[in-house]
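Reviewing the structure listed below.
Just so it is clear, none of the values below were taken in a lab; they were calculated from the coordinates. Note that this is a predicted model, so its numbers are computed, not measured. Note that we place each Cβ from the backbone using ideal geometry, even for glycine, and neighbour counts take in every protein chain shown.
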């Protein structure tokens, strides 16, 4: 990506708790050209030589992943499939638990969100420890899908998240 997005990511110390450095992406989202460049940076590798999508869907992880994944799906001309926190989706779901620093959480996907053999692009805002992304990859595989790539706006390499993702490549636009 030609544009440096780092100046559009605001650091908020001690949010939501002391010791946490929150990466606020709202300045990037407010910059129409930068947001469009971000969407295109995620979409471009998933088009063939004729411009057709090489994935069947874009899967986004709640919540900020939705903001990024939905326009990528539109840019590719494919559907958007949400992965949400447990209990938030209204239809039949499958879930995957993952560990947090302070406990455990679970994410879910609709059982009819993907079909066997679907290649998908998984999009989220941040790759930190990799727990959420790994759980999302397990859900996609459980439905018979294949993750073509995990694409994130921000990667925090010191937290080792990339190593938890066996198989799919990882594209990050900003590494902090």
Eigenvalues of the alpha-carbon gyration tensor of segment 1-67, times 5 and square-rooted, give semi-axes in Å, largest first, of 29, 15, 9
Considering the chain as a Gaussian network with a 10 Å cut-off on Cα pairs, which listed residue, 122, 139, 29, attains the greatest mean-square fluctuation? 29
Within a Gaussian network of the chain (alpha carbon springs, distance under 10 Å), most fluctuating of 32, 113, 19: 19
Under the definition of Cα pairs under 8 Å and six or more residues apart, what whole-number percent is the relative contact order of segment 8-175? 17
Most fluctuating residue given options 111, 38, 17, as computed from a GNM of the chain linking Cα atoms under 10 Å: 17
Starting from the Kirkwood radius over alpha-carbon pairs of segment 104-159, derive D by Stokes-Einstein at 20 °C in a medium of 1.002 mPa s and give it in µm² s⁻¹. 180
Simple label model, 7 Å out from Cα along Cβ direction - residue 31 to residue 138, nm: 3.7
What is the distance in Å between the Cα centres of segment 121-176 and segment 1-80? 13
Would you please put 70-80, 51-61 in order of how densely packed they are, using the mean number of other Cβ atoms within 10 angstrom per residue and starting with the highest? 51-61, 70-80
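Summing -39500 (n - 2.57) over the DSSP H runs of n ≥ 4 in the chain and dividing by its residue number, what mean residue ellipticity at 222 nm do you reach, to the nearest 500 deg cm²/dmol? Let's see the in-between values first.
On the way: 4 runs with 42 residues, N = 176.
Result for the chain: -7000 deg cm²/dmol, rounded to the nearest 500.
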Sorted by average packing, counted as other Cβ atoms within 10 angstrom per residue and highest first, what order do 89-95, 63-69 take? 63-69, 89-95
Debye intensity ratio in log₁₀ form over the Cα atoms of the chain, taken at each q of 0.10, 0.12, 0.15 Å⁻¹: -0.36, -0.53, -0.84
